Every structure is written in C-alpha cells, then in structure tokens.
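Structure first, commentary second.
The values are calculated or read from the model by the stated rules, or taken from the named source; none is laboratory data. Treat the numbers as computed from the prediction; the structure is a model and nothing was measured. Using ideal geometry, Cβ is built from the backbone for each residue, glycine included, and neighbour counts are taken over all protein chains shown. What goes into the accessible areas is simple: the full protein's heavy atoms, side chains included, and nothing from ligands, DNA or RNA. Shrake-Rupley method; radii C 1.70, N 1.55, O 1.52, S 1.80 Å.
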Amino acid sequence: MGFFDFLTEDIAIDLGTANTLIIHNDKVVVDAPSIVARNRVTSKIIAVGQEASLMQGKTHENIKTIRPLKDGVIADFDASEQMISMFIKNIPALKKKFFTPALRMVICIPSGITEVEMRAVKESAERVNGKEVYLIHEPMAAAIGIGVDIMQPKGNMVVDIGGGTTEIAVIALGGIVCDKSVKIAGDVFTNDIVYYMRTQHNLYVGERTAEKIKIQIGAATEDLELPPEDMSVQGRDLLTGKPKQVSISYREIAKALDKSILRIEDAVMETLSQTPPELAADIYNTGIYLAGGGSMLRGLDKRLSQKTDLPVYIAEDPLRAVVRGTGITLKNLPKYKSVLIK
C-alpha cells in the first residue's frame, strides 16, 4: 500500500434519508439534503443537495426530484450513486486533484438493514472509486460521535432519530447488544403534519412547508417551558381552491405528532426490556443519549425521560453526531476495526 498512500483519500459518509454528510480531513465538507433533480427527457442530473431541495414540489413535468433513500436504505440505486459521486466531486480539496484519487471510505448504515441493502450501499461506494469500503451501524457511529467510549464493558443506550429510521441500540464492548430499528422518524413527522393540516384546517401544504413547520414550532409535548411563537402557514385551501394562510401553535403540532412519538417511546421501552440486567444497571446510571435531527424536537427529551424514568441527554450538534463518529473510526481504523463491517 505504501506507495499508493498519497493517492488515497479518506472520507467518511453519513448517507441519510434526509441529509448526506461527508467528512474529509476532519472537516465536514458536505452537508446537504439527500435529494437529486433529474431531467426526465435527457435523464441527466440537473441539481443535487440544497439546490435540488429548493425545487422540491415546484417542478414541471420535465423535472423530477428524487430522494434516492427511503427508510434509511437505497431505494433508487441509480440516483443514489449519481448523488454520491456529485457530492464527492464537490469536495473542495478533491477538486484540485489532477486525477480522481482512490478513496477509503466508511459509510454508516441503519442497524435493521438486510444483506442485499448493505450490498447496494457497498456497490454504490465502489462505483464512485471506493477502493476500501467499510460499513458501520448508525447507532454505533452515533455513540462514538457523542463521545461514549464504546470499547468499555459498560452499557450505553443510544437513540438516533434520523429522517427515515429511528435506531435504538444498547452498546457495550464495542458491539450492539440489543437494537431496534423503527421506520418512524423525521419523514413520518413531516407527513403527520401534512395530514393534520389537511384534516384540521382544510389546508393542503407541501412537504417542504410541513418540514419548516416541524423545525420552527414542532414539539413533542404540549407543556413546554419555552414555547415557540405561533407560525403563519400558507398553502392551498381544499374547499375553495384558493391560496390561504392560517396561524398554527406548537400545541397543535404536538397533537399531530403524538401517535408517532408514542411508537418511538414504545420501541425504546421494548429495547430496555430486552437489555441484560447488568447492562440495565449501567444504563440506570448513564441514561439515554439522543442523536439525529429528530432529537431536536422540542420537549422530546423530557417526554422520553418521563416515560423511562431515566436521564436523557441530547448530543451536541445532534445532526452531525453520526458523521463525526464515522470520521473518528476512519482516523483510528486499527482501534475500531472490530466495529466496522468489511
């Protein structure tokens, strides 16, 4: 390998349903929505990431926006591959290179993923010049990114609420002892809001607007200490067909999301009930760590804490916890070799 070392670049990728993040040289160089816009006639990719996300829901029949990942796994192989390769080409440090370097990559995958889906991720990576491709389970990467020493014989519980899946895992001795992956996460929250606006306000809102609502006033409980201000939402009135605006409070969003959050709570409870007693004792002391964008939902930490009677901590910069953990494993490959899936 020696001679080729300088031709090889290391990158860590968190290929998420909602956002894709890439770390190169310890810096997050790509942080963009996982979405591509394709011209239907020529089937060329017109835009990717942020640019494509602005087109979402506003396209004419010649442009189609695609989210290549669904529920944390690759749904559109072609689009995902083009998306990854465009992102990698956009990395500033690699742009200057005379020829495309071979890449050594670590990519995170959901813990409930099948062999076939795993191979899809690997093949995508190999097609974009990945010479050595390692995979790591998301909860594991999240734990490392939060700063938990996963190699210790101590139990830690991580709940990673992403866009497509919520990953719950109890981790000890550098492995996952018990885990649960549920397909209730950010995307479902967004759809809950669309449905609520339709049924309660006769207002038809797009996915992007619903996501804006979720980020601006989304809440998991109706009793928040610092409630956000009401938000005015524009959409199409289903009765008259005219554009209209309504004002929404966080309480309504808490109602809209209640059922989905209940299912996440249940999944956490189920995982706790499968935890071996010695590890349960550890978790009683260490509590639960939250990562992923969904953990930023107001009052979710409090709600989980009330349900489980455990302390709940939110990772700092939860959106990047997973990719940070992935980057750390890449830097210390020998130490984390046992954690990675070759």
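On alpha carbon coordinates alone, what is the Rg over Rh value for region 141-298, Rh being the Kirkwood radius? Write out the running numbers ahead of the final one.
On the way: Rg = 18.4 Å, Rh = 17.0 Å.
Here Rg/Rh amounts to 1.08.
For region 70-117 and region 307-334, what is the centre-to-centre distance using only Cα atoms, to the nearest Å?
Measuring centre to centre over Cα atoms gives 21 Å.
Count the net charge of all other residues whose Cβ sits under 10 Å from the Cβ of L224, scoring Lys and Arg as +1 and Asp and Glu as -1.
0
Probe radius 1.4 Å, ligands and nucleic acids ignored: give me the carbon and sulfur share of the accessible area of the chain as a rounded percent.
C and S atoms contribute 51 percent here.
Can you give me the accessible area per residue for region 207-342, using a 1.4 Å probe, in Å²?
Counting only protein heavy atoms, the per-residue value for region 207-342 is 53 Å².
Which order, highest average first, do 155-162, 16-23 follow once you tally other Cβ atoms within 10 Å for each residue and take the mean per peptide?
Per-residue Cβ counts within 10 Å, averaged per peptide and sorted highest first, yield 155-162, 16-23.
Leaving out ligands and nucleic acids, and using a 1.4 Å probe, what accessible area per residue does region 2-149 come to in Å²?
47
Of all beta bridges DSSP finds with both residues in the chain, what is the antiparallel percent, to the nearest 5?
The antiparallel proportion sits near 65 percent.
As a test of the formula, what do you get for the chain when each DSSP H run with n ≥ 4 contributes -39,500 (n - 2.57) and the sum is divided by the residue count, at 222 nm and rounded to the nearest 500 deg cm²/dmol?
Helix contribution divided over all residues of the chain: -11500 deg cm²/dmol.
Could you check the simple spin-label distance between T114 and T240, using points 7 Å along Cα→Cβ, in nm with one decimal?
Distance between label points: 5.0 nm.
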